[in-house]
Amino acid sequence: MLAALSFLLPLSLGGAVSPMMLTEQTVLLAGSGGRPAAKRYALGVVLTLLLIVVALVFFGHVISLPTEPKLSASLDLALGAGLLCLAAAIEWIGRHPIRRPSRRTEGAGARRSLSDRPEAAFPFGVFSMATNFTTLAIVVVAAKEIAGADLGTADRIVLIAVLVTVCSVPAWLPLAVTRIAPRTGDAALERLHSFIDDHGRTAVVLLLVAAGLFLVGRGLVDLI
């Protein structure tokens, strides 16, 4: 289990870097809907992620997660190459951003509107998680590791809990921070947001490259 956890934690941290989701949650907290809207949003994110991970791990045969060594090695190569391509795409987009201020303004307005309707925050959280493709790509790789590891059901449940908890940090952390430290929470979240804006892309790219190279290397070794 420790071997699987040592690979899972860095991937989970990469999946947790989501400036958009963090922004959405902080906007909901600041709106008139406040904590009720933020709680529903977090619940939508966490439940969606949990369902996806459970489906990948326990019902992996539906999407042909392999059990044969040769097939597993081939999948390692494919997933590793996919992570490397994703890292290259994120780096390229970061260096060549597409600026669309009008759409960004409209998006912010939509999130403020949601904060006024707490009941709409749950489906918004579901949608945000379901369309968070960078996190989902990392989750697929992590779920493959959990599904392929020689572990009992209890250990798999622990790893699933770790993966879901860490990857959903942008959804539940603002709630926790404002609950624990209501006076200083906003400043702490602002610093976290600034750190992610400044260094989040680099951290995600490095983690994706490291995981991609690891999977490619393991796949090549298993094929030889």
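Sorting SER6, SER12, SER74 from the fewest to the most surrounding beta carbons within 10 angstrom yields SER6, SER74, SER12. Averaging over all projection directions, the Cα-based convex hull of the range 172-224 occupies 4.8 nm² in the image plane. Remark: the range 121-136, residue by residue, has Karplus-estimated 3J(HN,Hα) of 6, 5, x, 5, x, 4, 5, 4, 6, 5, 10, 8, 5, 5, 5, 5 Hz, where x stands for each Gly or Pro and the curve is 6.51 cos²θ - 1.76 cosθ + 1.60 at θ = phi - 60°. Couplings 3J(HN,Hα) for the range 82-92, derived from phi with the Karplus relation 6.51 cos²θ - 1.76 cosθ + 1.60 (θ = phi - 60°), are x, 5, 5, 5, 5, 4, 5, 5, 5, 5, 5 Hz, where x marks Gly and Pro. Summarising the label geometry, the points placed 7 Å from Cα in the beta-carbon direction at ASP222 and MET1 lie 2.3 nm from one another.
Among ILE90, ILE146, ILE180, the order by Cβ neighbours within 10 angstrom, fewest to most, reads ILE180, ILE90, ILE146. Working from label points 7 Å from Cα in the Cα-to-Cβ sense, the THR165 to ARG95 distance is 3.8 nm.
All of the numbers you see were taken from the coordinates with simple rules; none came from a lab. Because the structure is predicted, anything quoted here is derived from the model rather than measured. No Cβ is skipped: glycine too gets one built from the backbone with ideal geometry, and neighbour counts run over all protein chains shown.
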